[in-house]
Structures are given as structure tokens and as C-alpha cells.
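This report refers to the structure that appears directly beneath it.
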Amino acid sequence: MYNDIFVNHESMSIHYYYMQSKPGEVTQAVKDAIDAGYRHIDCAWVYQNEKEVGEAIKEKIDEGVVKREDLFIVSKLWSTFHNPKAVEPALKESLTALGLDYLDLYLMHNPLDFKPGDNVFPVDENGHVIPEGVDYVDTWKAMEKVYKKGLVKSIGISNFNKRQIERLLQLTTVVPVTNQVECHPYFNQKKLLEFCKSKGITITAYSPLGSPAHPWVKPGDRKLLDDAKLKTICKKYKKTPAQVIIRWHIQRGIITIPKSVNKKRIEENIDVFDFQLTPEDVKYIDSFDCNGRIFPLEMWATHPYYPFNDEY
Ligand code: A2P
């Protein structure tokens, strides 16, 4: 189920990270991705583009390029829907937008609950995020229910730290299949990866290429794709920096969701199954780690469930 290569499309939303793609680009990108062989499509309610993704899926199924069961469609429960009563309706909104009757995987987008309402990033007069007061354990129990109903084939989490995962495992019954977190050579999540592995939980890497176009990138910032040490490895394998990084993720057993809306780069990113890095080169790329988290989600640091104060 997890040995394919994955594509992640964000666009149009108010949040910085989701403004990467222009409206309309996403449908074409998903069609290009399916044509290129991608089968895992990583979506989220908050990306506000599930309808566009759904149009592409429908077109490719209608054309006979894929069947529904060939695809692995993921969505995520947004923080304003953490109240257990809100979980199934939120999931159904995503299903309707995507034009599907089930998801392959439903993730809790992060452990943080936000006050419900039209503002999906609610803040008080001091700019602090406003929690609803819902424990992510109760949200997870509601996710277990939609899983048991068959509306989703599996459930998982995103942006959880070790302590939060341990608490979830102690207090609930369904083990999350994956924890989707930021992961790339500058922030390689070695400890979280080992911990999750010991619990039977996979890691899915978001920003697997180091998000070269993230919104606060400044001229002169170190760019993973331009890393001179990485380029030396690329020469050896005659592969691009993105291909070497994706291969590194795969060989570490990590599910990888590189985002691209560019047909050439979409094709480039899946052209990684004709070579293998040596174990020494995997280790060498492991050594690039510099605790270089790109998305600390600092704007939510006052939230009681803010996940990134712990070591991992
Ligand atoms: P684009 O969508 O124009 O291809 P990440 O997945 O780490 O968040 O990185 C996504 C960013 O990396 C996007 O800006 C995307 O731009 C760019 N990108 C995706 N694939 C490649 C590639 N093969 N080479 C260079 N940049 C890439």
C-alpha cells in the first residue's frame, strides 16, 4: 500500500503553506500525476481544493486510466472540527468535495483544536490561537468511529510528538497507521521515526524536498535542492537533487509526498525506481541534519497541545 510515490497538492487557502498553487492548477496537476503513475494523493479539507482534486480523479476514472481501488486518497480533519460531533460531518464534506464514498486514509491534521466557526485560524485580540477545549484523544475516538463505519479505510495523525502519540496509544484502541510530519535531510526526524517504527506507525514526510518555495524564504537562505554535498551524490547517480532526496526517503522506509504542479517535475519526482543509493550514501545524507525545521507553527505556540516544544 505504501510503496508507491506520492503527490501532495495545496492551493488557494488563506494559510501560508497552502497558497503555493494557483486556482485551476491543481486539477491539471492531479491528472498529470495520475498519468505519470502516482496513486497516493494527499489532500486536506483546509487546502480548499478538494473539489478540484475530485474533478481530476473523476476524469481519470472515467477515462479508464485508473479504478477507484487503484488510488490511495488521503484527507485531513481540520482543527475547527475536533469536537467529536463535528468529525463525521467534516469527513463527509471532504468526501462530497472529492466525489468519493470512502477515503483510504483520514488524518487528524494536527493535535490542536481550534474554536469552530467561519475563521479556520481563529485568534484572540493578542493574536493567540483560540482553542475549543477538545482533547485530541476524544477527537481520535470519533475518528475511530468513522473508521469502524467503513467511511475511511484507515486513520492516522499529523504533527504529533512522541508524548502525544504515547498518550493516544494508552487511551484509545486503533493504532494510527501513520504520523505525517515535516521531514527532509535538514530535519530528518531520526528519533521520531525510530519511536513510531517501534509502535508500528509509519512516517509520512511533508516538505520532503525542504519546501524550496516556502513563503518566508529569504535570498541567501540555505536551499536543500542546491546543497553542494547533495549535488556530488547526484553526479554519481546521474539523478537530480529531488530524485536523490526522494530515493533517500524511500530507502529510509518513509512515505513521501513531494508537491509539484509542474508536469516535468511531477514526472521527474516519480522517476526514482531505476536506481538505489548505497547504504553509505543514505547515511551520508542522514548527516546533513541540522535541526532545520521549516514549519515550527510558531503562531500556535500558545496552544496547550502545541507539539514542537518537546525534543521530538
Ligand atoms: P512546483 O510545484 O512549481 O514544481 P515540498 O514538497 O518539499 O514542499 O516542495 C514543494 C516545492 O518544490 C514546490 O515549490 C515545487 O514547485 C518544488 N518542486 C517540486 N519538485 C521539484 C523538483 N523536482 N525540482 C525542483 N523543485 C521542485
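Structural remarks
- Lone unmet requirement of (1) surrounded by fewer than 22 Cβ atoms within 10 Å (Cβ to Cβ); (2) in contact (Cβ under 8 Å) with a residue 24 or more places away in the chain; (3) in a loop (DSSP other than H, G, I, E, B); (4) not hydrophobic (A, V, I, L, M, F, W, C) for P176: (1)
- Search result, residues across region 145-163 that are part of a helix (DSSP H, G or I) and either basic (K, R) or exposed (fewer than 15 other Cβ atoms within 10 Å of the Cβ) (or both): K145, K148, K162, R163
- Residue within region 101-109 that is open to solvent by less than 10 Å² (accessible area, probe 1.4 Å) and part of a helix (DSSP H, G or I) present: no
- Any chance V123 is out of contact with any Ser or Thr (no Cβ under 9 Å at 6 or more places or on another chain), β-branched (V, I, T) and open to solvent by 70 Å² or more (accessible area, probe 1.4 Å): yes
- Output for region 175-232, where each listed residue is among the aromatic types (F, W, Y) and within 16 Å of the ligand (Cβ to nearest atom): Y186, F187, Y206, W216
- One residue stands out in region 60-86 among those that are farther than 20 Å from Q28 by Cα and of a type in the set (G, A, S): the one that is least open to solvent (accessible area, probe 1.4 Å), namely S79.
- Close pairs from region 257-274: first under 15 Å from V26 (Cα atoms) and near the ligand (Cβ under 6 Å from one of its atoms), partner open to solvent by 40 Å² or more (accessible area, probe 1.4 Å) and assigned to a helix (DSSP H, G or I), Cβ under 8 Å, at least 6 apart: V261/E25; V261/Q28
- Residue tally, condition open to solvent by less than 40 Å² (accessible area, probe 1.4 Å) and of a type in the set (S, T, Y), over region 87-100: 1
- Check on S287, more than 16 Å from the ligand (Cβ to nearest atom) and within 16 Å of H249 (Cβ to Cβ): yes
The values are calculated or read from the model by the stated rules, or taken from the named source; none is laboratory data. No experiment lies behind these values; they were computed from the predicted model shown. So basically every Cβ, Gly included, is an ideal-geometry build from the backbone, and we count neighbours across all protein chains shown. With ligands, DNA and RNA removed, areas are computed over all heavy atoms of the protein, side chains included. Shrake-Rupley method; radii C 1.70, N 1.55, O 1.52, S 1.80 Å.
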